1. Take the residues of segment A:88-102 that are under 11 Å from the mean Cα position of the chain (by Cα) and within 11 Å of chain B (Cβ to nearest Cβ): which is nearest to A:K18 (Cα to Cα)?
2. Taking segment B:12-50 on its own, how many of its residues are within 27 Å of A:G102 (Cα to Cα) and within 13 Å of the chain's Cα centre (by Cα)?
3. Restricting segment B:22-68 to residues that are free of Cβ contacts under 8 Å to residues at least 12 places away in the same chain and charged (D, E, K, R), which is nearest to B:C89 (Cα to Cα)?
4. Please go through segment B:42-52 and pick out each residue that is touching a Phe, Trp or Tyr at 6+ places or on another chain (Cβ under 8 Å), more than 7 Å from chain A (Cβ to nearest Cβ) and not in a strand (DSSP E or B).
5. Sort out for me the strands (runs of 3 or more DSSP E) sitting completely within segment A:17-96 that have 3 or more residues that are without any contact (Cβ under 8 Å) to a residue 40 or more places away in the chain.
6. Between residues in segment B:82-104 that are farther than 14 Å from B:Q2 by Cα and in contact (Cβ under 8 Å) with a residue 12 or more places away in the chain and residues that are of a type in the set (K, R) and part of a strand (DSSP E or B), which pairs lie under 7 Å by C-beta distance while being six or more apart or on different chains?
7. For residues that are within 14 Å of the chain's Cα centre (by Cα), of a type in the set (S, T, N, Q) and within 17 Å of A:Y33 (Cβ to Cβ), scanning just segment A:68-87, find the one that is surrounded by the fewest Cβ atoms within 10 Å (Cβ to Cβ).
8. Just the residues that are more than 10 Å from every other protein chain (Cβ to nearest Cβ), under 19 Å from B:S26 (Cβ atoms) and assigned to a strand (DSSP E or B), please, taken from segment B:83-105.
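What follows draws every value from the coordinates through simple rules; no lab data is involved. Quantities reported herein were computed from a predicted structural model and do not represent experimental measurements. All Cβ positions, even for glycine, are placed from backbone atoms using ideal geometry, and neighbour counts span all protein chains on display.
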Amino acid sequence: EAAVTQSPRSKVAVTGGKVTLSCHQTNNHDYMYWYRQDTGHGLRLIHYSYVADSTEKGDIPDGYKASRPSQENFSLILELASLSQTAVYFCASSTGKTLYFGSGTRLTVL
Amino acid sequence: QQKVQQSPESLTVSEGAMASLNCTFSDGTSNNFRWYRQHSAKGLEVLVSIFSDGEKEEGRFTAHLNRANLHVSLHIREPQPSDSAVYLCAVRGRNNNNAPRFGAGTKLSVKP
């Protein structure tokens, strides 16, 4: 069965600090995505990738970087965390069809 | 940029009554539509996928697509309290390298 693992499950960060959210998939999928979820906004696309060593900007990329060093791993990096980045972050992988989601990372920036 | 909107924002139905959720999208060339369900900020599970105009049924869940009207709907037959969750519509453009965009969701409550 499809498996997408996110780490950490939750994190508290300080304003201005660096945060890295990690995602690992064992599905052999080419496509990987990072979304954030805020109440009332559904899922908003931050960055995505359809091949290793390449990333694409989504709809809300400001303040975020992404890294896809291998097919299996996709990281989301907040160089200078801000209060507005408090949210739940979901990673997903796909063959170009159904998305398979991780369990999410709850990030709180204080 | 694809815009996806869902209505209503929240919906309460009685157990056994039909529940109907709506989703509109802006890119008329979109050809890949899915409905996902999310229980309490947990992971999402796909319910039904539809790629051409008409109807697609998966158990108690039926999706209807009308691309001319930029509209896709989800109907839940005989909903149960365990169906109480947030339902999200996802739309992808024709190119597989287009990432899926989601609506804000409909929060469904099913009363016993």
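1. Going through segment A:88-102, the residues under 11 Å from the mean Cα position of the chain (by Cα) turn out to be A:88-93, A:101-102.
Checking which are within 11 Å of chain B (Cβ to nearest Cβ) leaves us with A:88, A:90-92, A:101-102.
On the way: A:V88: 17, A:F90: 18, A:C91: 19, A:A92: 22, A:F101: 24, A:G102: 22 Å.
Selected residue: A:V88.
2. Initially, segment B:12-50 is screened for residues within 27 Å of A:G102 (Cα to Cα), giving B:21-25, B:30-50.
Subset that is within 13 Å of the chain's Cα centre (by Cα): B:21-25, B:32-38, B:44-50.
Residues flagged as within 27 Å of A:G102 (Cα to Cα) and within 13 Å of the chain's Cα centre (by Cα) within segment B:12-50 amount to 19.
3. So the residue we want is B:E45.
4. From segment B:42-52, those touching a Phe, Trp or Tyr at 6+ places or on another chain (Cβ under 8 Å) are B:43-51; that's our starting set.
From what's left, more than 7 Å from chain A (Cβ to nearest Cβ): B:45, B:47-48, B:50-51.
Correct list: B:F51 only.
5. On the way: elements: A:19-25, A:31-38, A:42-51, A:54-57, A:65-67, A:73-78, A:87-94.
Hits in segment A:17-96: A:42-51, A:54-57, A:65-67.
6. Close Cβ pairs (under 7 Å, with a partner that is of a type in the set (K, R) and part of a strand (DSSP E or B)) amount to B:A85/B:R37; B:V86/B:K107; B:Y87/B:R37.
7. Restricting to residues being within 14 Å of the chain's Cα centre (by Cα), of a type in the set (S, T, N, Q) and within 17 Å of A:Y33 (Cβ to Cβ), the top hit is A:N73.
8. Across segment B:83-105, the qualifying residue is only B:V91.
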